[in-house]
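This report refers to the structure that appears directly beneath it.
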Amino acid sequence: MGPPGAGKGTQAVVVAAALGVPHISTGDIFRANVSAGTDLGREAQRYMDAGEYVPDSVTNAMVRDRISQDDCRPGFLLDGYPRTLEQVNELDMMLLADGLHVDRAIELTVDTDVVVDRLLKRAEEQDRADDTAEVIRRRLEVYADQTAPLIAVYAERGVLVQVDGMGEVDEVTARILTAIGA
Ligand code: B4P
């Protein structure tokens, strides 16, 4: 968890590889569908380009389908999900049905001016439609409004691990692996 540009995607790839479990990024799945021109991609693109969240019904169904696949049996790392309270509740139900639970929720903490700089830099490099200054502002608002409050949910459950997301990518990775005892 963490605001847009906190480094969730960057770190999740490495951490999932270290743990030997699949990395499941809802953002990546949406972008792959946008590139492939699927119905899901067309639906998701409207929201992503505006900096809004894709509707819970669409996102939850996609995650339910993905985590039911065989490669997820040893466990999995979710990147960018859950992002709303409804997604938290739906994920709880999906896991409960299989006798599973969230072991750890990792929050990457990063100053707002640093995330904005990172996203504007990515805009130059990757041409993502949701990395313009205006859309970044909206994404940060949506995060503060809908996702930041979920941190407390996982803190109350005693599974929250907070990690400083500032500094070099390798330094942040080392902090995460230490914090989760991997
Ligand atoms: P995501 O794909 O999850 O993207 P993100 O929040 O922007 O970025 P992330 O935190 O992963 O940052 P990254 O590592 O890439 O979401 C995109 C959109 O998809 C959402 O806005 C929403 O519309 C939709 N969506 C996704 N999940 C959803 C859900 N559950 N429900 C509804 N809608 C959903 O890093 C950013 C940049 O910083 C990169 O360029 C990276 O190279 C750089 N960087 C990372 N770490 C760095 C470091 N330590 N130092 C310097 N640069 C660093």
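Nothing in this text is a laboratory measurement; each read-out follows from the coordinates by a stated rule. Computed from a predicted model, the values in this text were never measured in an experiment. Please note: Cβ atoms are built from the backbone with ideal geometry, for glycine as well, and neighbour counts cover all protein chains shown.
If you take the residues in the stretch 105-122 that are near the ligand (Cβ under 9 Å from one of its atoms) and in a helix (DSSP H, G or I), which one is surrounded by the most Cβ atoms within 10 Å (Cβ to Cβ)?
At the first step, the residues of the stretch 105-122 found to be near the ligand (Cβ under 9 Å from one of its atoms) are 108, 110, 114-115, 117-119, 121-122.
Checking the rest, the ones that are also in a helix (DSSP H, G or I) come to 114-115, 117-119, 121-122.
Numbers: V114: 16, V115: 23, D117: 12, R118: 19, L119: 21, K121: 12, R122: 15.
Among them, the one singled out is V115.
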Going through G37, G27, G9 one at a time, which residue ends up being on the phi > 0 side of the Ramachandran plot and of a type in the set (G, A, S)? G37
Checklist (1) of a type outside the set (S, T, N, Q); (2) in contact with a strand residue (DSSP E or B) (Cβ under 7 Å, 6 or more places away or on another chain); (3) closer than 19 Å to V142 by Cβ; (4) in contact (Cβ under 8 Å) with a residue 60 or more places away in the chain applied to L77, failing item: (3)
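Every residue, every condition in (1) in a helix (DSSP H, G or I); (2) over 26 Å from V163 (Cβ atoms); (3) in contact with a Pro (Cβ under 8 Å, 6 or more places away or on another chain); (4) near the ligand (Cβ under 10 Å from one of its atoms), yes or no:
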residue	(1), (2), (3), (4)
Q11	yes, no, no, yes
V15	yes, no, no, no
V21	no, no, yes, no
F30	yes, no, no, yes
S35	yes, yes, no, no
D49	yes, yes, no, yes
M62	yes, yes, no, yes
L96	yes, yes, no, no
Filter the stretch 152-171 for residues that are part of a helix (DSSP H, G or I) and not acidic (D, E); which is farthest from the ligand (Cβ to nearest atom)? A155
So the check is Cβ under 8 Å with 6+ separation or different chains; which pairs have a first residue in the stretch 22-33 that's in contact (Cβ under 8 Å) with a residue 12 or more places away in the chain and a second one that's outside any helix (DSSP H, G or I) and of a type in the set (G, A, S)? S25/G80; T26/G80; G27/G80
